[in-house]
Amino acid sequence: GNLLINGGITMDIEQQLVTVEGEVKKFTPTEFRILKLFMENVGMVFSSAQIYERIWDEDAYATDNIVSVHIRRIREKIEIDPKNPDYIKVIWGLGYRMVGKK
């Protein structure tokens with residue numbers, strides 16, 4: 001399969017499977033696509049609008065809330081402490097960025 005790896009997160013694109021520290025986590029198709037966007041672009045900053053337009057494939061309008069809800073759900077699955085995230089960080093005024101991990 002086609003694997004994306006960042007720190008303790010392994011994503012198998014073909015199987016649509018994500019493991020975090022060896023444990024399989026269930027993601028909705030939308031959450032999976034958002035996480036894939038981050039995993040393929042580690043270190044890049046994406047605004048809520050950019051995430052929305054890429055994932056939902058339509059123009060972003062009042063989308064901050066929709067995106068932040070999905071990011072929160074993803075964090076609950078990939079972060080040890082979702083309130084102090086290690087992987088997906090908010091870059092104030094700009095958007096979100098996935099931090100590269102060894």
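The values are calculated or read from the model by the stated rules, or taken from the named source; none is laboratory data. Bear in mind that the values here come from a model prediction, so they are computed numbers and not experimental data. Positions of Cβ are generated from backbone atoms using ideal geometry, with glycine treated the same way; all protein chains shown enter the neighbour counts.
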Kindly provide the set of residues from the stretch 43-56 that are surrounded by fewer than 16 Cβ atoms within 10 Å (Cβ to Cβ), modelled with pLDDT of 95 or more and on the phi < 0 side of the Ramachandran plot, ordered by number.
Met44, Val45
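Condition check ((1) crowded, with 16+ Cβ neighbours inside 10 Å; (2) charged (D, E, K, R); (3) at positive phi) across all residues:
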{"residue": "Leu17", "(1), (2), (3)": "yes, no, no"}
{"residue": "Val20", "(1), (2), (3)": "yes, no, no"}
{"residue": "Arg33", "(1), (2), (3)": "yes, yes, no"}
{"residue": "Met39", "(1), (2), (3)": "yes, no, no"}
{"residue": "Glu58", "(1), (2), (3)": "no, yes, no"}
{"residue": "Glu76", "(1), (2), (3)": "no, yes, no"}
{"residue": "Lys83", "(1), (2), (3)": "no, yes, no"}
{"residue": "Gly95", "(1), (2), (3)": "yes, no, yes"}
So, in the stretch 75-85, exactly how many residues are outside any helix (DSSP H, G or I) and either over 12 Å from the mean Cα position of the chain (by Cα) or closer than 18 Å to Asp64 by Cα (or both)?
5
Could we say that Asn2 is polar (S, T, N, Q) and closer than 22 Å to Lys89 by Cβ here?
no
